[in-house]
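J.: For reference, the structure I am asking about is given below.
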Amino acid sequence: MINSKYFFKGFKSIKGIDSPALALGASFIAIGALLKNIGFNLEQSIFSTFLTYALPGSLVMAESFIVGASLINIFLAVWLVNARLYPMTVSLMPLLLHKSQPRWKYYLSCHFIAVSAWLIMKSNYQSIEKKHRIDFWIGIGTGTWSIAIISTVIGFLAADYLNKDMMIGLAIVNPVYFGCMMVGAMKNLQISLSIILGAILGPAFFFISPEWSILYGGVLAGTIAYFVGELK
Amino acid sequence: MSEMSSNIILVILVTSFATYLSRFLGVVSSEKIDETSKLFKWFNCIAYSILAALIARIVIFPYGVLQDADLWLRLFVVIICVIVYLLSKKNLVYPTVLSAILLALLNNYL
């Protein structure tokens with residue numbers, strides 16, 4: 001059903017010098033501690049990472065929950081901040097689709113689409129034959145998702161020992177890791193321009209609309225980079 | 001208490017549904033998109049720029065606890081760590097470990 005050779009090859013991507021384990025671990029330890037502090041119990045915290053597995057979405061959920069936002073407002077806020085997962089999925093799944101593979105694999109494993117697993121897959125897919133890419137992907141996803149769940153537990157249990165400066169230290173690891181991965185992904189003009197313009201326009205649009213800034217800035221930056229790259 | 005805890009379960013379910021929705025619709029759309037098409041290339045650019053926008057936003061206008069560290073401190077730590085990443089031949093362990101220690105210490109002592 002799932003080719004174990006490729007599954008474990010993907011799973012092992014959580015080791016090594018470009019491992020996402022530290023970054024994911026730090027972020028989800030922070031999430032575990034945060035969820036405990038806002039009144040979740042251990043089971044609920046595990047359930048949350050298990051089912052959502054997307055960091056900004058969990059942060060927005062926590063912030064909305066504290067202020068007592070309605071379910072509709074939580075839905076909209078989370079949907080908006082996680083809408084980036086749509087273009088991420090559309091720019092990943094066509095690389096993994098293969099006629100011989102059953103569809104349920106794609107609909108289940110899309111749950112693993114998060115920045116870390118996505119970036120690892122994007123930088124490694126060419127070394128895997130197309131037929132086996134989905135199994136390789138499920139391996140990466142299972143590995144990164146497991147780290148997130150285990151770290152949530154650690155964070156929950158360690159919450160009382162983490163002071164504010166330590167929480168701030170944990171919170172910067174994630175943007176630093178992804179920032180480095182993005183710099184590493186700048187291999188051609190189109191991608192480099194997408195990344196540089198996105199990093200400028202995203203925060204710039206914050207002054208116009210904080211909620212929509214990532215989508216507005218990202219779509220505009222990506223579109224400009226696409227056309228510049230095509231003209232070249 | 002039981003009302004509180006069923007409320008938490010609902011919040012988690014709503015959050016995960018709102019998150020899975022974009023992933024699910026992405027797979028539905030992917031069935032019709034060829035990896036060599038222009039549409040795919042365009043989505044690829046948008047995916048990278050949205051991620052860059054998100055990361056820049058987290059550093060400049062953060063959610064949660066990062067708001068308590070000074071903007072210039074956050075920018076300083078990120079820039080130092082990217083330089084370490086490039087100097088260490090793209091080792092991701094050094095910059096990530098360094099970033100946590102550096103920001104926690106600087107925020108405490110400055």
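Read-outs throughout are calculated quantities, based only on the coordinates presented, and are distinct from any laboratory measurement. These numbers were taken from a predicted model, which means no experiment stands behind them. Backbone-built Cβ (ideal geometry, glycine too); neighbour counts: all protein chains shown.
J.: Gain in length, A:LEU231 to A:HIS98, computed as 0.36 nm per residue apart minus the alpha-carbon separation, to one decimal in nm? Before the final figure, lay out the partial values.
T.: Working: separation 133, 0.36 × 133 = 47.88 nm, distance 3.13 nm.
Result: 44.8 nm gained on full extension.
J.: Among rounded, prolate and oblate, which fits the range B:14-60 when a ≥ b ≥ c are the square roots of the eigenvalues of its C-alpha gyration tensor, a/c under 1.5 means rounded, and a/b larger than b/c means prolate?
T.: Numbers: a/c = 5.38, a/b = 1.19, b/c = 4.50.
Verdict is oblate for the range B:14-60.
J.: Work out the mean other chain Cβ neighbour count within 10 Å for the residues of B:5-11 and drop it here as an integer.
T.: On the way: counts 5, 0, 3, 11, 4, 2, 12.
Mean number of neighbouring Cβ atoms from other chains: 5.
J.: Projected onto the charge dipole of the protein assembly as shown (+1 at Lys/Arg Cβ, -1 at Asp/Glu Cβ, origin at the Cα centre), which of B:VAL27, A:PHE136, A:ALA83 gives the Cα projection farthest towards the positive end?
T.: Comparing the listed Cα positions along the dipole, A:PHE136 ranks first.
J.: Here is a follow-up. What does the charge add up to near A:TYR86, with Lys and Arg as +1, Asp and Glu as -1, over the other residues with Cβ less than 15 Å from its Cβ? Walk me through the numbers on the way to the answer.
T.: Values: positive: A:ARG84, B:ARG23, B:LYS32; negative: B:GLU31.
My count for the surroundings of A:TYR86 gives +2.
J.: Something else now. What FRET efficiency do you get for B:ASN91 and A:SER146 if R0 is 25 Å and r is their Cβ-Cβ distance, rounded to the nearest 0.05? Before the final figure, lay out each step's value.
T.: Details: r = 23 Å, r/R0 = 0.93.
About 0.60, to the nearest 0.05.
J.: Using each residue's phi in the range B:20-36, evaluate 6.51 cos²θ - 1.76 cosθ + 1.60 at θ = phi - 60° and report the 3J(HN,Hα) Karplus result to the nearest Hz, with x for Gly and Pro.
T.: Once θ is set to phi - 60°, the couplings for the range B:20-36 become 5, 3, 5, 5, 4, 5, x, 5, 4, 5, 4, 4, 9, 10, 7, 5, 9 Hz.
J.: Still on this structure: With a sphere of radius 13 Å drawn around the Cβ of A:LYS122, what net charge do the other residues whose Cβ falls strictly inside it have (Lys, Arg +1; Asp, Glu -1)?
T.: On the way: positive: A:ARG133, A:LYS187; negative: A:ASP18, B:GLU35.
For residues surrounding A:LYS122, the net value is 0.
J.: Under the 0.36 nm per residue contour assumption, what length would be gained going from the current alpha-carbon distance of A:LEU157 and A:ASN37 to full extension?
T.: Details: separation 120, 0.36 × 120 = 43.20 nm, distance 1.10 nm.
Gain in length upon complete extension: 42.1 nm.
J.: To continue, here is another question. Just to be sure I understand the model, the point goes 7 Å from the Cα along the line to the Cβ. What's the resulting A:MET1 to B:ASP68 distance in nm?
T.: Here the modelled spin labels are 4.6 nm apart.
J.: Which order do the peptides A:213-226, B:47-60 take when ranked by the mean count of other beta-carbon atoms within 10 Å per residue, highest first?
T.: Details: A:213-226: 23.6, B:47-60: 26.4.
For the peptides A:213-226, B:47-60, the packing ranking is B:47-60, A:213-226.
J.: A follow-up question, please. Mind putting together the pair-distance distribution for the range A:151-230? All Cα pairs, 5 Å bins, whole percent per bin, short to long.
T.: 3, 14, 16, 16, 15, 12, 11, 8, 4, 2, 0
J.: A further question on this structure: Aspartates and glutamates near A:LYS12 by alpha-carbon distance under 16 Å, same-chain residues fewer than 8 away left out - which ones?
T.: Output for A:LYS12: A:ASP135.
J.: Give the whole-number value, in cubic angstrom per residue, of the convex hull volume spanned by the C-alpha atoms of chain B. Mind showing how you got there, number by number?
T.: Values: hull volume 19.0 nm³, N = 110.
Here the figure is 173 Å³ per residue.
J.: Over the range A:37-193, consider all pairs of different Cα atoms and compute the Kirkwood hydrodynamic radius from their mean reciprocal separation; express it in Å, one decimal.
T.: Kirkwood hydrodynamic radius for the range A:37-193: 17.5 Å.
J.: Now for a separate question. Residue by residue through the range A:157-169, which ³J(HN,Hα) values in whole Hz follow from phi under the Karplus form 6.51 cos²θ - 1.76 cosθ + 1.60 (θ = phi - 60°), with glycine and proline marked x?
T.: 6, 8, 3, 6, 9, 8, 8, 4, 5, 5, 5, 5, x
J.: How crowded by other chains is A:117-125, given as the mean number of beta carbons from other chains within 10 Å of each beta carbon? Kindly include the intermediate steps, with their values, before the conclusion.
T.: Values: counts 0, 2, 2, 0, 0, 3, 0, 0, 1.
The per-residue average across the peptide is 1.
J.: Stokes-Einstein at 37 °C, 0.692 mPa s, Kirkwood radius from Cα pairs: D for the protein assembly as shown in µm² s⁻¹? Let's see the in-between values first.
T.: Numbers: Rh = 20.1 Å.
Answer, rounded: 163 µm²/s.
J.: Still on this structure, please answer the following. Here is the link list: A:LYS99/B:LYS90; A:LYS9/A:LYS187; A:LYS36/A:LYS105. Which ones come out longer than 29 Å on Cα distance? Write out the running numbers ahead of the final one.
T.: Details: A:LYS99/B:LYS90 36 Å; A:LYS9/A:LYS187 24 Å; A:LYS36/A:LYS105 33 Å.
Table pairs above 29 Å Cα-Cα are A:LYS99/B:LYS90; A:LYS36/A:LYS105.
J.: Also: For A:57-63, what's the mean count of beta carbons from other chains sitting within 10 Å of each residue's beta carbon?
T.: Numbers: counts 5, 5, 6, 4, 7, 4, 2.
The per-residue average across the peptide is 5.
J.: Could you give the length gained on full extension between A:LYS12 and A:VAL67, defined as 0.36 nm per residue of separation minus the Cα-Cα distance, in nm?
T.: Details: separation 55, 0.36 × 55 = 19.80 nm, distance 4.03 nm.
Here the segment from A:LYS12 to A:VAL67 would lengthen by 15.8 nm.
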